[in-house]
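The values are calculated or read from the model by the stated rules, or taken from the named source; none is laboratory data. What you are looking at is a predicted structure, and each value in this text was computed from that prediction instead of being measured. For neighbour counting, all protein chains shown are included, and Cβ atoms are generated from backbone atoms with ideal geometry for every residue, glycine included. The accessibility values were calculated without ligands, DNA or RNA, using every heavy atom of the protein model including side chains. Shrake-Rupley method; radii C 1.70, N 1.55, O 1.52, S 1.80 Å.
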Amino acid sequence: MEAGGPGTCGGGAETRGSEGRLAPESRVHFRVTRFIMEAGVKLGMRSIPIATACTIYHKFFCEINLDAYDPYLVAMSSLYLAGKVEEQHLRTRDIINVSNRYFHPGSDPLELDSRFWEIRDSIVQCELLVLRVLRFQVSFQHPHKYLLHYLVSLKNWLNRYSWQRTPVSITAWALLQDSYHGGLCLRFRAQHIAVAVIHLALQAYGVEVPAEAEAEKPWWQLIVPPRPGMRFHIYTMDTEIP
């Protein structure tokens with residue numbers, strides 16, 4: 001196994017070519033994580049398990065060269081492992097059938113023949129490989145809970161009409177989901193990603209936070225990240241909202 005260089009982890013600036021296009025490896029990871037998301041939805045997975053599957057996949061290929069293993073096999077194993085980590089267990093048969101329909105639309109479910117058992121054994125063996133490569137560190141802190149908290153607080157700040165006529169929250173959630181196509185989940189803290197997608201959604205719709213022009217700091221700098229074992233708070237200019 002050939003370990004990938006630390007500069008390739010998380011999809012840094014070097015993953016783009018001279019014309020600003022994504023490098024071949026980044027395009028592969030984009031397509032495979034799209035497969036993880038679509039397969040996860042068809043399997044009935046919640047947002048957090050799908051995010052965990054994408055994170056496991058990206059973290060694995062931070063350690064291992066892309067050419068060493070089939071990325072789609074790693075993706076299927078990531079789905080299976082994420083279901084265990086997030087306590088939404090999946091059957092390998094369901095993962096295989098959903099994946100088969102993804103690659104061969106309109107095909108019938110696979111028979112329980114030798115090919116099926118070979119694929120199943122490959123998924124299980126690859127799961128063990130992923131666990132060893134990641135040193136069994138497959139539990140992650142995702143931005144979702146922070147995003148929910150920040151959106152609720154932001155909704156209380158904004159004018160009700162402005163909030164209702166612009167889909168800021170829907171756009172922020174969509175941006176968060178799309179961020180898992182790359183390695184942002186490995187490069188930045190969960191709180192920072194949550195703030196970033198809200199800020200981008202506000203900019204996209206031209207929504208301004210009240211009193212931002214008069215404030216000493218931008219609203220996103222008023223969100224204080226939590227210290228280990230402590231609750232985080234959002235501070236306004238003169239109040240504290242737990």
Given the conditions (1) among the β-branched types (Val, Ile, Thr); (2) modelled with pLDDT under 95; (3) under 13 Å from the mean Cα position of the chain (by Cα), and given that residue 52 satisfies all but one, which numbered condition is not satisfied? (2)
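Looking at the range 21-86, what helices (runs of 4 or more DSSP H) fall wholly within it and have at least 3 residues that are of a type in the set (Gly, Ala, Ser) and without any contact (Cβ under 8 Å) to a residue 60 or more places away in the chain?
The qualifying helices (runs of 4 or more DSSP H) are 71-85.
Yes or no: residue 194 within 24 Å of residue 82 (Cα to Cα), modelled with pLDDT under 95 and not basic (Lys, Arg)?
Answer is yes for this residue.
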Of the residues in the range 136-160 that are assigned to a helix (DSSP H, G or I) and closer than 30 Å to residue 80 by Cα, the one that is most open to solvent (accessible area, probe 1.4 Å) is 145
Conditions first: (1) open to solvent by 70 Å² or more (accessible area, probe 1.4 Å); (2) over 25 Å from residue 26 (Cβ atoms); (3) of a type outside the set (A, V, I, L, M). Residue 103 passes all but one, so which condition is the exception? (2)
Which ones in the range 120-147 are in contact with an Asp or Glu (Cβ under 9 Å, 6 or more places away or on another chain) and under 16 Å from residue 99 (Cβ atoms)? 122, 126
Do you know which of the residues in the range 87-100 that are without any contact (Cβ under 8 Å) to a residue 24 or more places away in the chain and assigned to a helix (DSSP H, G or I) is farthest from residue 34 (Cα to Cα)? 97
Residue that is surrounded by fewer than 18 Cβ atoms within 10 Å (Cβ to Cβ), in contact with a helix residue (DSSP H, G or I) (Cβ under 7 Å, 6 or more places away or on another chain) and among the acidic types (Asp, Glu), where the choices are 111, 38: 38
Which residues, taken from the range 178-195, are within 14 Å of residue 150 (Cα to Cα) and open to solvent by less than 80 Å² (accessible area, probe 1.4 Å)? 190, 191, 193, 194, 195
What number of residues within the range 196-212 are open to solvent by 20 Å² or more (accessible area, probe 1.4 Å) and β-branched (Val, Ile, Thr)? 1
Say whether the condition of being in contact with a strand residue (DSSP E or B) (Cβ under 7 Å, 6 or more places away or on another chain) and over 24 Å from residue 72 (Cα atoms) is met by at least one residue in the range 143-159. yes
